[in-house]
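See below for the structure under consideration.
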Amino acid sequence: MTHSLPPLAGAALRFQLRTPPTYWRCEPAWFWRSVPLPHHLLWCVLDGSGRLELDGRAAELGPGWCAVFAPGEMPVASHDPRRPLLVFGLHFDVETASGRRPDPAEVLPASRWCRLRDLGLFSALAARSDAAYRRGDRLGVRQAELCVEQILALLWEDTSGPAPGPVDAALDELARDIRREPSRRWTVPELAARAALSRAQFTRRFTARFGLSPARYVARARTDRAHQLLTETSMSVTQVATTLGYTDLGYFSRQYKAHHGHSPRAAR
C-alpha cells in the first residue's frame, strides 16, 4: 500500500502562527464573505451545519469538515441559524529553511477541504494547540505549530484518496495486531475469520493491500522484532528465536536472512 507524497512531505517548512488557535460559535445571524486573506487560514468545523464556497466550488459543512485557504483567497460561508457552526481556526504563514515563502501548491492540497476521517485525533490536536499556545512560552508556541502541521498532514492524506472500506479497515486492524504480537501463532484461517472473508478472499485482499501474503507478513513482523531484540538487547540468537515461537533455529535463520539480507548472528 503506497501513497504519492505531497510537496509538504519532502520540504523543510516552518509554520508560524499569525493568530492564536481559536474556537468560536458563530452567532445566529452570522455570514462570512472574506476579504482577501493576508495569511494562510485553517478553518475546521466541530459542530453545526452550513455551506462553504470558494472559486465556484461549494461544500455542505458539518462536524469534521476542515478547510485551508491560501493568501489572497476569498471564501464565503453561511450556516443554519438553528444549528450554528462551532469552528476552530487560525491564521499562519509558512517559510522554507532559506526564508522563501513557498507556493501554495507546496503547502495546501488542491481540493482545499474535506471531511477528516479521524475527528477524534483532529479534536485532540486542536485542543492541544489551543492549550499549548495559551501557556505563552516558546515551547507552547512550538507545540501549537506542530499541531497545525499535523492537522494539515491529515488534510493532505484524507484528500488524496477514498476512505478505506470496512474490509480494508479490518485488514488494517489485523496487520496492527500482527505487528503488536509477532510471537503469536497466527494462522490464515483465524485471520480470515476475523475479517469475515473466505481464506482465498482474505489472502487476495491482504496481499493486494500490503504487498505481502499473510504468511510472509507474519514472518516479516517476527524477523523485524528479532532484529530489534538482537541489536538492542543481550539476548542470544537462540533465545530470540525461542521467544518468537521458532522451534527450528535453522528455519529462523533462513527467514531472518530472507528479510534482512544477512544472518541473525551478523546482526551482532
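The values are calculated or read from the model by the stated rules, or taken from the named source; none is laboratory data. Remember, predicted model here, so these are calculated numbers, not experimental data. Quick reminder, even Gly has a Cβ in these numbers, built from the backbone with ideal geometry, and neighbours come from all protein chains shown.
The table for this structure:
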read-out	value
Among the candidates Leu61, Leu86, Leu121, Leu90, residue that is among the hydrophobic types (A, V, I, L, M, F, W, C), surrounded by fewer than 19 Cβ atoms within 10 Å (Cβ to Cβ) and in contact with a Lys or Arg (Cβ under 9 Å, 6 or more places away or on another chain)	Leu86
Any hit, region 85-100, residues being in contact (Cβ under 8 Å) with a residue 60 or more places away in the chain, touching an Asp or Glu at 6+ places or on another chain (Cβ under 9 Å), in the same structural domain as Thr19 (by TED's automatic domain parsing) and within 19 Å of Ser160 (Cα to Cα)	no
Count - residues of region 229-257 that are in contact (Cβ under 8 Å) with a residue 24 or more places away in the chain and in a helix (DSSP H, G or I)	8
Given (1) within 21 Å of the chain's Cα centre (by Cα); (2) more than 29 Å from Leu139 (Cβ to Cβ); (3) in a strand (DSSP E or B), number of the condition Pro63 does not satisfy	(3)
Filter result (of a type in the set (A, V, I, L, M) and closer than 16 Å to His40 by Cβ) within region 101-125	Ala105, Val107, Leu108, Ala110
Residues (in contact with a helix residue (DSSP H, G or I) (Cβ under 6 Å, 6 or more places away or on another chain) and of a type outside the set (S, T, N, Q)) located in region 238-259	Val240, Ala241, Leu244, Tyr246, Leu249, Phe252, Tyr256, His259
Meets criteria (in a helix (DSSP H, G or I) and either within 31 Å of the chain's Cα centre (by Cα) or of a type outside the set (A, V, I, L, M, F, W, C) (or both)) for Arg184	no
Lone unmet requirement of (1) surrounded by 14 or more Cβ atoms within 10 Å (Cβ to Cβ); (2) within 23 Å of Gln143 (Cβ to Cβ); (3) modelled with pLDDT of 90 or more for Arg115	(2)
